[in-house]
Amino acid sequence: MSIENNITITFPDGNKKKYQKGITGIQVAESIAKSLAKDAIAVSINGIQKDLCDEINSDSNISIITVNTDEGLEIMRHTLTAQVLARAVKNIYPNAKLAIGPTIDNGFYYDVYFEKPISSEDLPKIEKEMSKIISNGSSIKKSIYNKKDVIKLFNDRDEKYKIDIINNSDQLDNFQIYSQDGSDFIDLCYGPHLPNLKHIGAFKLTKLAGAYWRGDSNNEMLQRIYGTAWKNKNDLDIHLEMLKEAEKRDHRKLGREMDLFHFQEESPGSVFWHSKGWLLYQTLINYMKKRQDAAGYQEINTPDIMDRSLWEKSGHWEKFGDSMFTTEAKEDKIYALKPMSCPGAVQVYKQGIKSYRDLPLRLSEFGKVHRYEPSGALHGLMRVRGFTQDDAHIFCTEDQITDECKTVCNLILSIYKDFGFEDIHIKFSDRPEKRVGNDNIWDRSEEALKIAIEASGLSYTYNPGEGAFYGPKIEFVLRDAIGRDWQCGTLQVDLNLPERLSANFIAEDGQKYPPVMLHRALFGSIERFIGILIENYSGRLPLWLSPTQVVIATITSETNNYAEKVLNLFMKNNIRAEIDIRNEKIGYKIREHSNAKIPVLIIIGKQEAEKEVLSVRRLGSTDTETGKLEEIIKNLKIESCVPQ
């Protein structure tokens, strides 16, 4: 090959090899090993996923993606929704209109408009058609169209949602159309896709839901078909069992049974806390306040609504504006409900001259933030529009970054341990495509955060391009009792925002410099963390967290006086107790309080009242333990103590 047409490809192990310009991903795989080419489904070129048929025309870093990787599994799911589910729907319902079909955690969905809405009873029929399509093992082809031709293509097929997507795109050409051998089905997609359907593993359609086109309630209601897909049937079966268990633990169902909270249409994505739920909420807040006080934080509070100009200076208006709620005041000013607490914290920091001797300055805030989430994305406490962050912002010098980050990491892990989470995974996320600040600042920020993680002795995985728009971050991911992962805590190094908002300190040399700003959240969203706790414990919260810790239930009205005495003693010892002296059978009372997930049930009959003892029944147990009143109160008081 001529030198002019040579390109150098660098592989993940650092090895380099010369190839002819225009070589494809599958040809690179074949040059390495036939077995690799057989398993290859896509290629990563300089960190961007591409189809195996795409040409490589410049020096590049290359890795071959197989279906046995997490990347490969997501591509398989993407192909399954865009090329199999969508085709099956069109085969069965020719007049259906296809909207979008992305991947989600553990699966996929496709939004479709049906002339006559389908029901969950139709899912097996669609599954059967999908299996039939997959059995052919058809090859998948890609074609490139310009905007004019691709609009005509979908106009001819009367696919109005595809045309809407194209018309709202800034692209003029390079629209990717995927098709299959032996079929006239096509779909518009960013790809990549499997080279053929033989690589598809096991799948299951799981449910139907409603979804407005583009998440706008003024648009038509579509039907969203959800599914899950895995490498093999065993992995699928394991996941389906987990889904069954997750359904039992659904915090929305348990929240009703435990009388904690509710939602209603008049305020979508906002929580109506009931007294018991609010007590749980305040228990978390008070716990965190104690931990933060001990760690040297000063608690502040900043306004919920601030002028647009501040959000423009901070960069939020440009980078985050689509997710912000705004309001226009009578004086024609535009204000925004804060989506984050950071700019407000900087305003507090700026009051008065700061010296290097004042740093690090740790400011914490339980800030109520509001972010627009599409109605179709809202999910109980897990995805809301208004929530409270246990935010903190640490202002420090560059020399203090490592020690401060180490301290934060240790604090986070210690807190999670108190709540029963010890299986923690850490992700490092670097600069996103949409960001503020120059590359030099980002280089310094990323290097400082990496050094801090490594100095803490923590292992982590790399999550490219997922940092905040103002700085890199690490994410703390909890694994719950049934193996699900929840991203909660975050720590971000920010060398951008303080300078943008004119914050500074006087250094030892007498000059002014912008401080480093560390953004830190431990629970993340208080609301979401409560949802995670409810599902992790299946509603059976540890005694110290339970809004009602003890219910005293009488068998007969003759024991009411003794029950009242026991209640007063519990209350005196700061044990959250209630009394049930209703004229109901004891079996009914036990079932009712068990459904409400009360941890401890005290049963009082004539014998207990006469001997001044208590019969104790724990949630989930059919056994009853009898003991002296003082001894049981002493033990429950110890058990109900908040971890220190």
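The values are calculated or read from the model by the stated rules, or taken from the named source; none is laboratory data. All figures in this text were calculated on a predicted structure; none of them were measured in a lab. Because the Cβ atoms are built from the backbone with ideal geometry, glycine has one as well, and the counts that use them run over all protein chains shown. These accessible areas exclude ligands, DNA and RNA; they are computed on the full protein's heavy atoms, side chains included. Shrake-Rupley method; radii C 1.70, N 1.55, O 1.52, S 1.80 Å.
For the stretch 1-29, taking the residues that are surrounded by fewer than 15 Cβ atoms within 10 Å (Cβ to Cβ) and part of a helix (DSSP H, G or I), the one that is nearest to the chain's Cα centre (by Cα) is identified as Asn5.
Looking only at residues of the stretch 585-634 that are small (Gly, Ala, Ser), open to solvent by 30 Å² or more (accessible area, probe 1.4 Å) and closer than 22 Å to Leu280 by Cβ, we find that the one that is modelled with the lowest pLDDT is Gly620. Residue count for the stretch 30-56 satisfying the condition of being exposed (fewer than 14 other Cβ atoms within 10 Å of the Cβ), in a strand (DSSP E or B) and charged (D, E, K, R): 1. For the stretch 397-405, does any single residue satisfy the condition of being open to solvent by 10 Å² or more (accessible area, probe 1.4 Å), at pLDDT 90 or above and over 23 Å from Pro360 (Cα atoms)? Among the residues of the stretch 397-405, not one is open to solvent by 10 Å² or more (accessible area, probe 1.4 Å), at pLDDT 90 or above and over 23 Å from Pro360 (Cα atoms), which makes the answer no. The number of residues in the stretch 180-234 that are in contact (Cβ under 8 Å) with a residue 60 or more places away in the chain, closer than 21 Å to Lys162 by Cβ and of a type in the set (Val, Ile, Thr) comes to 1. Scanning the stretch 635-644 for residues that are touching a residue at least 12 places away in the same chain (Cβ under 8 Å) and assigned to a helix (DSSP H, G or I) yields Leu636, Lys637, Glu639. Taking each residue of the stretch 438-457 that is in contact (Cβ under 8 Å) with a residue 24 or more places away in the chain and looking for partners that are open to solvent by 80 Å² or more (accessible area, probe 1.4 Å) with beta-carbon atoms closer than 8 Å, six or more apart or interchain, yields Arg444/Glu398; Ala448/Glu398; Ser456/Asn410.
Within the stretch 556-584, being more than 28 Å from Gly255 (Cβ to Cβ) and either hydroxyl-bearing (Ser, Thr, Tyr) or open to solvent by 90 Å² or more (accessible area, probe 1.4 Å) (or both) holds for Thr556, Ser557, Glu558, Thr559, Asn561, Tyr562, Asn568, Lys572, Asn583.
For the stretch 69-87, a residue qualifies if it is in a helix (DSSP H, G or I), more than 25 Å from Asn219 (Cβ to Cβ) and not acidic (Asp, Glu), and the qualifying residues are Gly72, Leu73, Ile75, Met76, Arg77, Thr79, Leu80, Gln83, Val84.
Within the stretch 375-384, identify whether any single residue is crowded, with 20+ Cβ neighbours inside 10 Å and closer than 18 Å to Arg520 by Cβ, and answer yes or no. For the stretch 375-384, residues crowded, with 20+ Cβ neighbours inside 10 Å and closer than 18 Å to Arg520 by Cβ: absent.
Given the criterion surrounded by fewer than 19 Cβ atoms within 10 Å (Cβ to Cβ) and touching a strand residue (DSSP E or B) at 6+ places or on another chain (Cβ under 9 Å), identify the matching residue among Asp307, Asp332. Steps first, please.
Values: Asp332 fails: touching a strand residue (DSSP E or B) at 6+ places or on another chain (Cβ under 9 Å).
Asp307 is the lone residue from the list that is surrounded by fewer than 19 Cβ atoms within 10 Å (Cβ to Cβ) and touching a strand residue (DSSP E or B) at 6+ places or on another chain (Cβ under 9 Å).
Close Cβ contacts (under 7 Å, 6 or more residues apart or on different chains) running from residues in the stretch 494-507 that are under 19 Å from Ser355 (Cα atoms) and of a type in the set (Phe, Trp, Tyr) to residues that are in a loop (DSSP other than H, G, I, E, B) and open to solvent by 20 Å² or more (accessible area, probe 1.4 Å) comprise Phe505/Lys354.
So if I check each of Asn504, Asn496, which one is at pLDDT 95 or above and surrounded by fewer than 24 Cβ atoms within 10 Å (Cβ to Cβ)? Spell out the reasoning first.
Working: Asn496 fails: at pLDDT 95 or above.
Only one candidate qualifies: Asn504.
Residues considered: Ser275, Ser217, Ser267. Of these, the only one that is modelled with pLDDT of 95 or more, open to solvent by 20 Å² or more (accessible area, probe 1.4 Å) and at negative phi is Ser275.
Which ones in the stretch 90-101 are in contact with a Phe, Trp or Tyr (Cβ under 7 Å, 6 or more places away or on another chain) and of a type outside the set (Lys, Arg)?
Tyr93, Ala96, Leu98, Ala99, Gly101
Each residue in the stretch 74-114 was checked for being under 21 Å from Ser139 (Cα atoms), among the small types (Gly, Ala, Ser) and in contact with a helix residue (DSSP H, G or I) (Cβ under 6 Å, 6 or more places away or on another chain), and 2 pass. When the stretch 131-188 is filtered for residues that are within 19 Å of Asp51 (Cβ to Cβ), surrounded by 12 or more Cβ atoms within 10 Å (Cβ to Cβ) and among the charged types (D, E, K, R), the ones remaining, listed by number, are Lys141, Lys142, Asp181, Asp187. Please determine whether any residue of the stretch 391-407 is in a strand (DSSP E or B) and either of a type in the set (Ser, Thr, Tyr) or without any contact (Cβ under 8 Å) to a residue 12 or more places away in the chain (or both). No, the stretch 391-407 contains no residue that is in a strand (DSSP E or B) and either of a type in the set (Ser, Thr, Tyr) or without any contact (Cβ under 8 Å) to a residue 12 or more places away in the chain (or both). Counting only residues that are within 19 Å of the chain's Cα centre (by Cα) and among the acidic types (Asp, Glu), which one in the stretch 398-432 is nearest to Tyr513 (Cα to Cα)? If we take residues in the stretch 398-432 being within 19 Å of the chain's Cα centre (by Cα) and among the acidic types (Asp, Glu), then Asp430 is nearest to Tyr513 (Cα to Cα).
With in a loop (DSSP other than H, G, I, E, B), farther than 28 Å from Glu71 by Cα, out of contact with any Ser or Thr (no Cβ under 6 Å at 6 or more places or on another chain) and not β-branched (Val, Ile, Thr) as the only criterion, which of Asp184, Asp164, Asp173 stands out?
Details: Asp164 fails: in a loop (DSSP other than H, G, I, E, B); Asp173 fails: farther than 28 Å from Glu71 by Cα.
None of the other options fit; the residue is Asp184.
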